[in-house]
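Right, one structure below, let's go through it.
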Amino acid sequence: MTFPAELFPDTARLTPGNTLEVGGCDLVALAAQYGTPLYVYDEKTIRARARSFREAVGAYSGRATVCYAAKAYSAPWLLRILAAEGLGLDVVSGGELQAAVRAEFPRERVYFHGNNKSEDELLFASAEGVGRIVVDNLDEITLLARVAAKRAARTAVLLRVGPAVEVHTHAHLLTGAEDTKFGLDIASGAAEAGVRAVLARPKLELRGFHAHIGSQIREVRPYRDAVERLFAFAADMRQKTGFVAREISPGGGYGVRYTLDEPETRPAEMIREVVTIVADAARRHGFAEPLPDLTIEPGRSIVAPAGIALYRVGSVKRGARTYVAVDGGMADNIRPTAYGANYTAVLASRVRGDDLTEVAVAGKYCETGDILIQKVALPLPRIGEIIAVPVSGAYQLAMASNYNLAPRPAVVVVADGAARLVTARETYDQILATERG
């Protein structure tokens with residue numbers, strides 16, 4: 001098996017002992033020290049990705065912000081790193097906002113998204129003075145106006161609109177099509193009604209428009225279509241209401257590569273193209289002096305390539321195919337079961353070997369669908385060896401559960417030969433702590 005270096009963190013390398021090292025730390029040794037399943041994040045990869053995206057928006061002559069989408073994975077240790085790198089932050093819940101508060105993330109760089117924010121969440125966001133509330137619907141405008149009335153300052157908002165742009169991705173990852181639960185669609189007139197509703201509330205300050213068309217997008221064309229429709233709508237609202245948009249966000253969703261069979265992705269290059277598209281559209285529609293503030297929202301493409309999931313082999317079973325059972329699965333990574341996400345793996349204990357065997361990597365949970373990887377060629381694993389799954393930094397821990405009452409995994413961050421435990425492994429007592437019966 002050829003080692004798929006392109007899928008692993010920037011610092012990954014093979015050791016003289018034929019094991020895998022990341023951030024100067026041997027993954028087999030980390031598994032022995034911290035137990036498995038174990039999630040390992042490479043700090044240098046996170047920082048390099050964040051910087052490459054900031055550099056990508058640097059060509060925009062207006063103000064541009066890279067906002068990390070916290071839903072991909074939100075933990076205080078990560079948010080501290082991204083804050084230090086000058087990024088903004090998109091949150092979609094009170095819990096993600098609380099993580100930002102614990103990380104002391106600058107509140108003026110926090111954007112609160114979501115399609116059904118509760119009054120308590122909006123009160124929390126208001127008390128913390130977040131930079132923007134991204135409004136999703138007419139009912140939220142009414143609710144937010146009530147919350148905003150309790151503040152002396154006006155509340156800055158962006159209106160999420162639906163540009164009706166189709167993209168080639170999984171149906172569960174579409175967010176900008178005509179039929180979606182997110183935002184107010186332009187074509188039906190709902191978005192215009194939203195603009196008028198915000199402008200009618202004196203304590204709400206409409207700043208501009210936001211759209212998000214989906215995730216795992218690998219081509220620029222959908223962004224071009226979305227940006228054009230955003231600015232055409234902004235121009236229409238300027239003509240009809242006098243409102244001049246000062247901010248624009250074409251969202252994020254830049255794809256990452258999970259296996260070598262998938263096409264290579266270059267999200268920083270895509271962002272550079274989007275920046276040019278926004279500037280050109282702004283000029284054509286009369287928004288060039290000055291250019292509106294621009295917000296780009298990558299999430300997965302920052303953290304997914306930085307993370308590796310480590311599992312210990314518990315059994316190897318031959319039959320219709322060879323199943324290698326590991327000590328994790330759908331409780332820490334629901335993505336393959338939920339929407340057929342594909343992964344690959346290496347045997348971190350013996351990366352290169354002559355006994356390559358096609359195996360399925362099976363989880364330990366009581367579901368037939370709990371298969372992490374349907375087919376991968378590995379040196380035939382032995383009981384106790386460590387399997388490493390790359391591109392595991394996004395949406396796995398964020399979507400992890402206690403299915404079968406399994407404790408959620410520990411997390412370590414590696415850099416310059418040192419590892420630090422940032423999330424302790426959950427205990428059975430912690431899982432049952434809220435039970436009162």
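For the range 53-95, give me the residue count where each residue is within 18 Å of G307 (Cβ to Cβ), open to solvent by 30 Å² or more (accessible area, probe 1.4 Å) and touching a helix residue (DSSP H, G or I) at 6+ places or on another chain (Cβ under 6 Å).
Qualifying residue count for the region: 2.
For the range 31-41, which positions are surrounded by 18 or more Cβ atoms within 10 Å (Cβ to Cβ) and over 29 Å from G131 (Cβ atoms)?
Result: A31, Y34, T36, P37, L38, Y39, V40.
Using the structure shown, decide if V227 is farther than 16 Å from A190 by Cα, part of a loop (DSSP other than H, G, I, E, B) and in contact (Cβ under 8 Å) with a residue 24 or more places away in the chain.
no
Would you confirm, using the coordinates I've provided, whether V376 is in contact with a helix residue (DSSP H, G or I) (Cβ under 8 Å, 6 or more places away or on another chain) and within 24 Å of T15 (Cα to Cα)?
So V376 fails the test.
If you check L204 against the conditions, is it in contact with a Ser or Thr (Cβ under 8 Å, 6 or more places away or on another chain), open to solvent by 40 Å² or more (accessible area, probe 1.4 Å) and among the aliphatic types (A, V, I, L, M)?
no
Without any contact (Cβ under 8 Å) to a residue 60 or more places away in the chain and either under 27 Å from S349 (Cβ atoms) or not in a strand (DSSP E or B) (or both) - does that describe any residue in the range 57-64?
So far as the range 57-64 goes, yes, one or more of its residues are without any contact (Cβ under 8 Å) to a residue 60 or more places away in the chain and either under 27 Å from S349 (Cβ atoms) or not in a strand (DSSP E or B) (or both).
For the list (1) more than 18 Å from the chain's Cα centre (by Cα); (2) open to solvent by 30 Å² or more (accessible area, probe 1.4 Å); (3) at pLDDT 95 or above, I need the number of the one condition that E289 fails.
(3) is the only condition that E289 fails.
Name the strands (runs of 3 or more DSSP E) wholly within the range 362-437 that hold at least 3 residues that are among the hydrophobic types (A, V, I, L, M, F, W, C) and buried (at least 19 other Cβ atoms within 10 Å of the Cβ)?
Passing ranges, in order: 371-379, 386-389, 410-415.
The values are calculated or read from the model by the stated rules, or taken from the named source; none is laboratory data. Owing to the predicted nature of the structure, the values given are computational and were not obtained by experimental measurement. Cβ coordinates were reconstructed from backbone atoms using ideal geometry, including for glycine residues, and neighbour counts include every protein chain displayed. Protein only, heavy atoms only, side chains kept; ligands, DNA and RNA dropped before computing areas. Shrake-Rupley method; radii C 1.70, N 1.55, O 1.52, S 1.80 Å.
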